[in-house]
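A short write-up of the structure that comes next.
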Amino acid sequence: MKHLLSFSVHNLPSNNFTFHMRNAKTLPEFNSLRQTSRKSGIVLSPKNKRTLIGIDLFAGAGGFSQAAKNVGLKIVAAVEMCVKACETYEANLVSQNNPRLYQSDIRKLDPALLNENHFANGLECDVILGGPPCQGFSIHRLNNSGVNDPRNELVLSYFQFVRHLRPKVFLMENVPGLLWPRHELFLNKLYKQGKAAGYDLYEPVVIDARDFGVPQRRKRVFILGVRNDIKLNIEWPPSPTHGDEKARAVDDQLQPWTLAASVFSIPIPVGDENDVHMNHSIELVNAFRRTPKNGGSRNESGRTLPCHVNHNGHRDVYGRIDPAQPGPTMTTACVNPSKGRFVHPTKHHGITLRQAARFQTFPDSFVFKGGLMAGGAQVGNAVPVRLGEALLKVIADGLLTQEIQ
């Protein structure tokens, strides 16, 4: 049975649009699932499970692909336009042309080519992943400046691959700004296309990476679609595994949030090519010296730029990371202290590329190519590996379980 609901996005007061979608948590079996799976550690995958196969669109450096690999989901093809991100993906995730990496603008790539190359002879695509560029939906866009951003249409380009390849499930990641009222017509269009293509789309969910063991505050929207001939009985979104003190007082099964200290407490391996940070001017280094350690802010350093006069915003700029809290969101400028709270807790420079990657839970063996700034952009665009694992594990177990029922 499919349970549908009328949904209004996150109680935004000026938003009056509704969708009819799946809501897994209305299914009775999830009352027991939520109580047992986390407490007992039960793995829902059946014995003798087959390998699920999928595609990663807008793959970037490969955060989603790395997560998929870690949970046993085989990515057979990845699509990414950025040359330097492709260098990183190939260096870390490609072996003997597997997965096959398509360095291409997705708008110029025919989905039929992927179908022919990877799903011939009756093979079926299980999962399509992807995080279309989010700049048009960013909360930093003023007024309605992002409404007509041409990059927004890439979400619909993503769906062209879903329509053609017919995966059992697709999972899309984006920024919370996607749910703002200004993007109402765009989001309605996405859900209308999903329904017309034979997919049930779950309501968009905002997930904080902190709640799944990632050492940073990072909220992202995830949209899960399931082909309507697939009975996917899962808890969606998954229940958090971590929480703050207030949440843990309610649920004693939750682990504490992972703190930024975890990023800095383990020495970086000698010779790591990503153990690099920006070279700062003497003036800026002195400002960092004056900034209190372990969380100090710009206004305590005595550094005031003309753009900061009579302006109370951007208070995190040139601030130090507080190791006693989860870190700030790793943006595409996460190695640049002028763009946020990205100064080392105690040293007088910005965080290194490796430290930024650790905030995104990439293993130290994962090497970013293209230099410091390009690597920082790749890190900031990625889905945190640990969060990807948590989400894909639930989906993979659900797909494998429904096949034997």
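List of remarks:
- Applying the criteria of a DSSP loop state and at most 11 other Cβ atoms within 10 Å to the GluC sites (Glu not before Pro) of region 61-112 yields no site.
- Value of Rg to Rh for region 263-405 (Rh from inverse mean 1/r over Cα pairs, i.e. Kirkwood): 1.09
- Seen from Lys219, the other residues with C-beta closer than 12 Å to its C-beta sum to a net charge of +1, counting Lys and Arg as +1 and Asp and Glu as -1.
- A protection proxy built from the mean count of other Cβ atoms within 10 Å ranks the segments 222-234, 272-284, most packed first, as 222-234, 272-284.
- Extension gain, Lys347 back to Thr51 (0.36 nm per residue minus Cα-Cα distance, nm): 102.0 nm
- Summing Lys and Arg as +1 and Asp and Glu as -1 over all other residues whose Cβ lies under 13 Å from the Cβ of Arg290 gives a net charge of +3.
- A Cα-only calculation for region 224-304 places Rg and Dmax at 21.9, 63 Å.
- For region 162-268, the calculated P(r) over all alpha carbon pairs, in 5 Å bins from 0 to the bin holding the longest distance, is 2, 11, 16, 17, 15, 14, 11, 8, 5, 1, 0 percent.
- Sequence ranges 180-188, 250-258, 209-217, ranked by mean other-Cβ count within 10 angstrom, highest first: 209-217, 180-188, 250-258
- Distance in nm between pseudo-label sites at Ser297 and Ser104 (7 Å out along the Cβ direction from Cα): 4.9 nm
- For region 222-231, Karplus couplings with θ = phi - 60° (6.51, -1.76, 1.60), whole Hz, Gly/Pro x: 10, 10, 9, x, 10, 4, 6, 9, 9, 9
- Protection proxy ranking, peptides 115-126, 290-301, average beta carbon neighbours within 10 Å, highest first: 290-301, 115-126
Each reported figure results from applying straightforward, stated rules to the coordinates on display, with no laboratory input. This is a predicted model, so every value here is computed, not measured. Because the Cβ atoms are built from the backbone with ideal geometry, glycine has one as well, and the counts that use them run over all protein chains shown.
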